[in-house]
Ligand code: 5AD
Ligand code: SF4
């Protein structure tokens, strides 16, 4: 942990505050933290973990910076646009902090996540009002870093030892599950060794590390005991997870899923995000054997042209991906596919792009994310020749998104008239209405529903809304 520059007098904790922080958290109950999350589900999960660890320091969460004593921005570095969001947010917070200080109060500003990891000290140089920079692998040291901030220092804490990656914070309590809902994330793996040439993740999140079976089963059991019904296993390359199994053999994600399915009370399992090269036979067969493994798979392919896939270092061809999807659908015919696509990777010609369109038509996605290539400093892609013009990227993105939306609506329409199990998640907007989650993630609206949050009920789909289904309860 690095201690930066001269003390910030505004954070000098009074003796009273310091003694309360040290001895417990009662007085500090009035402190509020606003955590703003950008980026992926891993960041959503990390934000919750940071909030949990700050709760132990007496911070309650709030939904707005206006009444917060501390603002923590959990950042994303994946594309330039995502990264720049930090600096516009910091501009607004600087004004807020200046106003507070003019009134003799203060606002602690913290930056977490992948921009924090990538830029470290540079953030303090660009935005001197920032008090704390903390990287994704050092969140377990957040309370100590905060204690230093409260003593008036600026702190940058981004250096970690690989074995510390899963020095984890306490699992969610029943109260937190009540607030956050019956579907929860659980990190099983972090980092990526795939080095796709466009991607910053191997640099910001570091090399692949898997959590042990015991740690995962323990956290999953606690979450289920606290009321969670659906668990989504998270990892930047989740199906690269591996570890020593209970039976002494080396396990992959497939074996882990079979093990987690044994936890009493667990109703649904998912995992994200996967790489096509790590979909092994056991994992595919888990989709055949485990009813509680939901028939929805986020399996990014990025592009359809073999030339571009090679330049991206994806290490497979378009055809390999299509064959893989066929194998998965053979064991689980109701499997819905989701994907990520990049248009305008350096050197992508019209013909290459048509290969992407062909692949999409052949796979038929239920859902997908698509992006214009964004050159990221430090990645091999940034040094490639033949960067594609912005207007060409725009046009390709529009065409791809039109096709993907068409497929998304076709998928939703295909569900009308079918029966499915729905996990009730929260009350709807209207009296007597409940919102549930279908096996394919699409929210389902059910009128006149008396069930409890966490129940799984059988419904028939009557119609589709925008990104939702409307259904009636059966039996
Ligand atoms: N430019 C555009 N999209 C990117 N992604 C990752 N890096 C970049 C980049 N440099 C996309 C990929 C990935 C998703 C999380 O973000 O599609 O799967
Ligand atoms: Fe990035 Fe590729 Fe790793 Fe996914 S598999 S995180 S796109 S390097």
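The values are calculated or read from the model by the stated rules, or taken from the named source; none is laboratory data. Fair warning: this is a prediction, and the values are worked out from it, not measured in the lab. Glycine also receives a Cβ, built like all others from the backbone with ideal geometry; neighbour counts cover every protein chain displayed.
Just a few scattered comments:
- Condition check for residue 314: within 15 Å of ligand 1 (Cβ to nearest atom), in contact (Cβ under 8 Å) with a residue 40 or more places away in the chain, crowded, with 17+ Cβ neighbours inside 10 Å and under 25 Å from the mean Cα position of the chain (by Cα): yes
- The residues in segment 379-395 that are within 18 Å of residue 198 (Cβ to Cβ) and more than 14 Å from ligand 1 (Cβ to nearest atom) can be counted, and the count is 4.
- Residues that are at pLDDT 95 or above and over 30 Å from residue 228 (Cα atoms) do occur in segment 156-175.
- Some residue of segment 62-80 being outside any loop (DSSP other than H, G, I, E, B), out of contact with any strand residue (DSSP E or B) (no Cβ under 6 Å at 6 or more places or on another chain) and without any contact (Cβ under 8 Å) to a residue 12 or more places away in the chain: no
- Within segment 30-44, the set of residues being in a helix (DSSP H, G or I), crowded, with 19+ Cβ neighbours inside 10 Å and more than 16 Å from ligand 1 (Cβ to nearest atom) is empty.
- Against the numbered list (1) touching a residue at least 60 places away in the same chain (Cβ under 8 Å); (2) part of a loop (DSSP other than H, G, I, E, B), residue 101 comes up short only at (2).
- Residues that are in contact with a strand residue (DSSP E or B) (Cβ under 7 Å, 6 or more places away or on another chain) and assigned to a helix (DSSP H, G or I), drawn from segment 345-365: 353, 356, 363
- Filtered by the rule that a residue be within 25 Å of the chain's Cα centre (by Cα) and closer than 18 Å to residue 230 by Cα, segment 456-475 gives a lone residue, 456.
- Members of segment 366-382 found to be in contact with a strand residue (DSSP E or B) (Cβ under 7 Å, 6 or more places away or on another chain) and farther than 30 Å from residue 414 by Cα, listed by number: 373
- Segments classed as helices (runs of 4 or more DSSP H), wholly inside segment 123-241, with at least 3 members that are within 18 Å of residue 113 (Cβ to Cβ) and either touching a strand residue (DSSP E or B) at 6+ places or on another chain (Cβ under 9 Å) or touching a residue at least 12 places away in the same chain (Cβ under 8 Å) (or both): 142-150, 201-204
- Scope segment 196-225; condition under 16 Å from residue 185 (Cα atoms) and touching a helix residue (DSSP H, G or I) at 6+ places or on another chain (Cβ under 6 Å); matching residues: 220
- Test result for residue 76, crowded, with 21+ Cβ neighbours inside 10 Å and under 22 Å from the mean Cα position of the chain (by Cα): yes
- Residue count, segment 373-383 (criterion: away from ligand 2 (no atom under 15 Å from the Cβ) and surrounded by 16 or more Cβ atoms within 10 Å (Cβ to Cβ)): 0
- Test set (1) within 23 Å of the chain's Cα centre (by Cα); (2) closer than 30 Å to residue 457 by Cβ; (3) buried (at least 19 other Cβ atoms within 10 Å of the Cβ) - residue 415 fails condition number: (1)
- Here the condition is being in contact with a helix residue (DSSP H, G or I) (Cβ under 8 Å, 6 or more places away or on another chain), more than 26 Å from residue 284 (Cα to Cα) and either at pLDDT 95 or above or near ligand 1 (Cβ under 10 Å from one of its atoms) (or both); of 327, 376, it holds for 376 alone.
- Residues satisfying the stated conditions in segment 429-457, i.e. in a loop (DSSP other than H, G, I, E, B) and crowded, with 16+ Cβ neighbours inside 10 Å: 438, 439, 440, 441, 442, 449, 453, 454, 455
- Top-ranked residue of segment 265-290 - restricted to ones that are closer than 19 Å to residue 231 by Cα and within 16 Å of ligand 1 (Cβ to nearest atom), ranked as surrounded by the most Cβ atoms within 10 Å (Cβ to Cβ): 271
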